[in-house]
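One structure is given below, encoded as structure tokens.
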Amino acid sequence: MESIKKIFLTLIFKLIFTVVWLVSMIPFHTGQLIGRTLGRAFSLIPMGRTKISLDNLCHAFGDNMTEDELKELNRQVVMHFGQMLFEVPHILRLSLSNLDRYLTWENEERFFAAIEKEKGVFILGGHFGNWELLSAAINIYLTPNMAVIAREIDFVPLDRVINTLRSNFGVEVINKQRGIRKIMKALKDKKSVGILLDQNVDRYEGVFVPFLGRQACVNKGLALMALKTGTPVVPVFSVRQPDGRYRIFVEKEVELIRTGDKTRDVEENTALFTGIIEKYIRQYPDQWFWFHRRWKTMFYCPLPKDFYSKT
């Protein structure tokens, strides 16, 4: 029975991968046009995820935007990710010689300077722009020695397809769960490790910091590892441009806060990293993954000990 299930899952994987390969044959800009069109159509259908994205947008920008403006922004978000569906398969077509068809670079020398410290590099990013295309481009152009931390997708065939794309140029994919040892080994091997730091985590994994007007639980792992190892943290983001290509912005290495108080340092550096991500989201709100339940882990302020005695 187990072998039948394995065969079935393998067939599903091959079917999905074939579809991905066929989509990669569609010219990049043609695929973007199809994706925008499909995205606009789907944005008109009331679905669970589009409702989540609209709710998140209302919390973040409701004080400054009208209801119609928020709905239009939500439509732009769906259209952006519609385009991504047709862009990501092009990872199979990427090479150093054709990279400029898909993206351009800004301040890449900052990344090379971080590599020269020979401590590895933490690449700080988020589910923003086209992070999958970005990862492949970094591995092709900036460093051939790269790892990415990723959460497993529940549907095994799809998880396998995504990881096949991610590892297409030799990128090591490290499972987010129980991945600390592999991350530390990657740093020892002077690899660049990509971390997307914008998803919700449980209380025991993170600390609460301000994010888009609310307290969000953010993974504290990056701050802990960067403080311990001295590995440079370099933020890198991809932003879609009017011509359809992505502009890759390499930020300055983050200057870590070190006060000597470990708890405070972890909290303040996590807030610092989160603030960098927020800067891009506020500037290009249509290019962030608003469909995620980012504030699922709630922040509760404990009542003062003498609260009831005062009432």
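Read-outs throughout are calculated quantities, based only on the coordinates presented, and are distinct from any laboratory measurement. Being a predicted model, the structure only gives us computed values, none of them experimental. All Cβ positions, glycine included, derive from the backbone under ideal geometry; neighbour counts span all protein chains shown.
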> Just the Cα atoms of segment 5-114: what Rg and Dmax do they give in Å?
Replying inline: 18.4, 53
>> Counting only helical runs of four or more DSSP H residues, what would the 222 nm mean residue ellipticity of the chain come to if each run contributes -39,500 (n - 2.57) and the total is spread over all its residues?
In response: -14500 deg cm²/dmol
> Taking the highest mean first, how do the peptides 38-48, 105-115 order by number of other beta carbon atoms within 10 angstrom per residue?
Replying inline: 105-115, 38-48
> For segment 79-153, what is Rg from Cα atoms divided by 2.2 N^0.38 Å, rounded to two decimals?
Replying inline: 1.17
> Using the per-residue mean of other Cβ atoms lying within 10 Å as a proxy for protection, in what order, highest first, do the peptides 60-71, 147-158 fall?
Replying inline: 147-158, 60-71
> How much net charge surrounds residue 24 when only other residues with a Cβ under 11 Å from its Cβ are counted (Lys, Arg +1; Asp, Glu -1)?
Replying inline: 0
> Where the eigenvalues come from the Cα gyration tensor of segment 121-197, what are the semi-axes √(5λ) of the equivalent ellipsoid, largest first, in whole Å?
Replying inline: 18, 15, 12
>> Past the 20 angstrom mark, what percentage of all C-alpha to C-alpha distances in segment 167-273 do you count?
In response: 49 percent
>> Compute the distance from the alpha-carbon center of segment 1-79 to that of segment 178-246, in whole Å.
In response: 24 Å
>> Can you tell me which lysines have their Cα less than 30 Å from the Cα of residue 190? Leave out same-chain residues fewer than eight positions away.
In response: 117, 119, 176, 182, 220, 228, 252, 262, 279
>> Explain nothing, just the number: relative contact order of the chain, from Cα pairs under 8 Å at least 6 residues apart, as a whole percent.
In response: 23 percent
> If Lys and Arg each add +1 and Asp and Glu each add -1, what is the summed charge of the other residues whose beta carbon sits under 11 Å from the beta carbon of residue 75?
Replying inline: -1
>> Kirkwood hydrodynamic radius, segment 84-216, all distinct C-alpha pairs: what's the number in Å?
In response: 16.1 Å
> By the scheme Lys and Arg +1, Asp and Glu -1, what is the net charge of all other residues having a beta-carbon under 15 Å from that of residue 44?
Replying inline: +4
> Along its principal axes, what span do the Cα atoms of the chain show, with the longest given first and each in whole Å?
Replying inline: 68, 51, 50
